[in-house]
Amino acid sequence: MQYLQISNTSLNHNVNPALSELCNPKDKKVLQIKKAFNNPYILSSWMPERDCCDWYSVTCDSTTNRVNSLTLFSGGLSGQIPPQVGDLPYLEFLQFHKQPNLTGPIQPSIAKLKSLNELDLSWTSISGSVPDFLSQLKNLTFLDLSFNNLTGSIPSSLSQLPNLDVLHLDRNKLTGPIPKSFGEFHGSFSALYLSHNQLSGKIPTSLAKLDFGTIDFSRNKLEGDACMLFGLNKTTQIVDLSRNLLEFDLSKVKFSKSLTSLDLNHNKITGSIPVGLTQNDLQYLNVSYNRLCGQIPVGGKLQSFDSLTYFHNRCLCGAPLPSCK
C-alpha cells in the first residue's frame, strides 16, 4: 500500500499542465506581443498559464492546433504592429480594426505570412505607403486598408495577387493615378473601393476587361472617361463615381441590367440619360450637378426618384423635373 501511495504521488508530481495544452509553444511565444502593446486590458485573457487557443481574439486550427486567426478590433491597443506578427506561419486571417492608437507603417514582416487569406488593417492611425510586399501574399482574397493615414501612390504590383476578390484602399490620403495594371486582376475580382483619396489622372482603359460587382471611386480628382467601367454583358451592381472631374457623354454608355445603384453626382458629364436605364431595377440614382440635357426617359424606376436626383444640370427636363418646353 505504501508503495502504491508513493507511486501515485510521484505520478501526480510529474503531470505537466502543458501536456493538456493545445496551443503550439512556438505560437505562444510569438504571442508575447502583448507586451509590445503595453499589456492592454483587451488582452487580459492572454495569461501564460492558459491555453493560447482559448485566448480572446485568437483561433487555432482544429486539426493542427496552430494559430490561424488573430482578430484584434475595437480599441485598447497602442503603439505599432510588432514584427513578431510575421512569425505565425499558419495565420490565415489577420485583423487590426478600429484601433485608433495603432500607429507606424504596415509591418514588413507581414510579408512572411504566406498562408494569409484575409488582411484587415482598417480604421487605425497607421501611416506610410501601401507596401509593394503585399503582392507576395499570393493566397490573399480580401485586403482592407481603409480608414487609415496611408499616403503615396497605389503600387501596381497589387494586380499580381491571383486570388484577390475585394480590395479596400478607401479613406486614406493616396495620390497619383489608378495603376493600369489593375486591368490584369485574375479570377473573381469583384469589388474595388478607392473612394475618399486624392487620386488623379484618367481611369485606365484596361479596367474594361474586368467585371466588378462594386466600384467606388468617389471623392477623388479623376478626370476624363468612365465608359469602360460599364457594358451590357457585365454583372456590375453598384457604381459610385461621384465628386470627381469626369467628363464623358452619358448617352453613349451601355448599362447592364444588373446595375441597381448609380451615383455620378458632381462631375462634368454631358449628353442625355440613356433610355436603357428604364430597364434597370434601380434602388439608387444620382446624376445631379453635371451638364446633362434632354428629357428624362419615362419608365422603369426613373420617375420614382425625386428632383434632387437630377438637380443642377444644364437642361434636363421631364418628370420629376419641370416638363420639357
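Tally up the residues in the range 90-133 that are in a helix (DSSP H, G or I) and either more than 21 Å from Lys29 (Cβ to Cβ) or touching a strand residue (DSSP E or B) at 6+ places or on another chain (Cβ under 8 Å) (or both), please.
3
Determine whether Asn148 is more than 16 Å from Asn220 (Cβ to Cβ), out of contact with any Leu (no Cβ under 6 Å at 6 or more places or on another chain), open to solvent by 50 Å² or more (accessible area, probe 1.4 Å) and without any contact (Cβ under 8 Å) to a residue 60 or more places away in the chain.
Spelling it out, it is not the case that Asn148 is more than 16 Å from Asn220 (Cβ to Cβ), out of contact with any Leu (no Cβ under 6 Å at 6 or more places or on another chain), open to solvent by 50 Å² or more (accessible area, probe 1.4 Å) and without any contact (Cβ under 8 Å) to a residue 60 or more places away in the chain.
For the range 47-89, which positions are surrounded by 20 or more Cβ atoms within 10 Å (Cβ to Cβ), in a loop (DSSP other than H, G, I, E, B) and free of Cβ contacts under 8 Å to residues at least 40 places away in the same chain?
Answer for the range 47-89, where residues must be surrounded by 20 or more Cβ atoms within 10 Å (Cβ to Cβ), in a loop (DSSP other than H, G, I, E, B) and free of Cβ contacts under 8 Å to residues at least 40 places away in the same chain: just Trp55.
Of the conditions (1) of a type in the set (Val, Ile, Thr); (2) surrounded by fewer than 16 Cβ atoms within 10 Å (Cβ to Cβ); (3) under 27 Å from Tyr90 (Cα atoms), Thr124 fails just one. Which one is it?
Failed condition: (2).
Which residue, of Ile273, Ile238, is touching a residue at least 12 places away in the same chain (Cβ under 8 Å) and open to solvent by less than 20 Å² (accessible area, probe 1.4 Å)?
Ile273
Looking at (1) touching a residue at least 24 places away in the same chain (Cβ under 8 Å); (2) open to solvent by 60 Å² or more (accessible area, probe 1.4 Å); (3) touching a strand residue (DSSP E or B) at 6+ places or on another chain (Cβ under 8 Å); (4) not hydroxyl-bearing (Ser, Thr, Tyr), which is the only condition Asn267 fails?
That leaves (2) as the condition not met.
Only one of (1) open to solvent by 90 Å² or more (accessible area, probe 1.4 Å); (2) modelled with pLDDT of 90 or more is not met by Leu4, so which one is it?
Of (1) open to solvent by 90 Å² or more (accessible area, probe 1.4 Å); (2) modelled with pLDDT of 90 or more, only one is false for Leu4: (2).
From Phe182, Phe189, Phe248, Phe217, grab the single residue that is surrounded by 15 or more Cβ atoms within 10 Å (Cβ to Cβ), out of contact with any Phe, Trp or Tyr (no Cβ under 7 Å at 6 or more places or on another chain), among the hydrophobic types (A, V, I, L, M, F, W, C) and modelled with pLDDT under 95. So that I can check it myself, show each step before the final result.
Numbers: Phe182 fails: modelled with pLDDT under 95; Phe248 fails: modelled with pLDDT under 95; Phe217 fails: modelled with pLDDT under 95.
After ruling out the rest, the residue left standing is Phe189.
Collect the residues in the range 98-121 that are polar (S, T, N, Q) and either farther than 15 Å from His168 by Cα or open to solvent by less than 10 Å² (accessible area, probe 1.4 Å) (or both), keeping them in residue-number order.
Residues satisfying the conditions are Gln99, Asn101, Thr103, Gln107, Ser109, Ser115.
Between residues in the range 153-180 that are on the phi > 0 side of the Ramachandran plot and residues that are open to solvent by less than 20 Å² (accessible area, probe 1.4 Å), which pairs lie under 8 Å by C-beta distance while being six or more apart or on different chains?
Here the result reads Arg171/Ser146; Arg171/Asn148; Arg171/Ser195; Arg171/Asn197; Gly176/Ile154; Gly176/Leu199, each pair linking the range 153-180 to a residue that is open to solvent by less than 20 Å² (accessible area, probe 1.4 Å).
Kindly provide the set of residues from the range 152-173 that are more than 15 Å from the chain's Cα centre (by Cα), open to solvent by less than 60 Å² (accessible area, probe 1.4 Å) and farther than 18 Å from Ser115 by Cβ, ordered by number.
Passing the criteria: Gly152, Pro155, Ser157.
In the range 225-235, which residue that is touching a Phe, Trp or Tyr at 6+ places or on another chain (Cβ under 7 Å) and either polar (S, T, N, Q) or open to solvent by less than 50 Å² (accessible area, probe 1.4 Å) (or both) is nearest to His196 (Cα to Cα)?
Ranking the candidates gives Ala226 first.
Residue-wise test of (1) polar (S, T, N, Q); (2) modelled with pLDDT of 95 or more.
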| position | (1), (2) |
| --- | --- |
| Asn14 | yes, no |
| Ala18 | no, no |
| Pro25 | no, yes |
| Pro40 | no, no |
| Ser44 | yes, no |
| Gly76 | no, no |
| Pro82 | no, yes |
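For Phe93, all conditions in the list (1) within 23 Å of Pro108 (Cα to Cα); (2) more than 20 Å from the chain's Cα centre (by Cα) hold save one; what is the number of the exception?
In the conditions (1) within 23 Å of Pro108 (Cα to Cα); (2) more than 20 Å from the chain's Cα centre (by Cα), Phe93 misses (2) alone.
From the list His168, His196, which residue is touching a Lys or Arg at 6+ places or on another chain (Cβ under 6 Å) and within 22 Å of Glu223 (Cα to Cα)?
One residue alone meets the criteria, His196.
The values are calculated or read from the model by the stated rules, or taken from the named source; none is laboratory data. Worth saying up front: this structure is predicted, and the values here are computed from it rather than measured. Virtual Cβ from ideal backbone geometry, glycine too; neighbours counted across all protein chains shown. These accessible areas exclude ligands, DNA and RNA; they are computed on the full protein's heavy atoms, side chains included. Shrake-Rupley method; radii C 1.70, N 1.55, O 1.52, S 1.80 Å.
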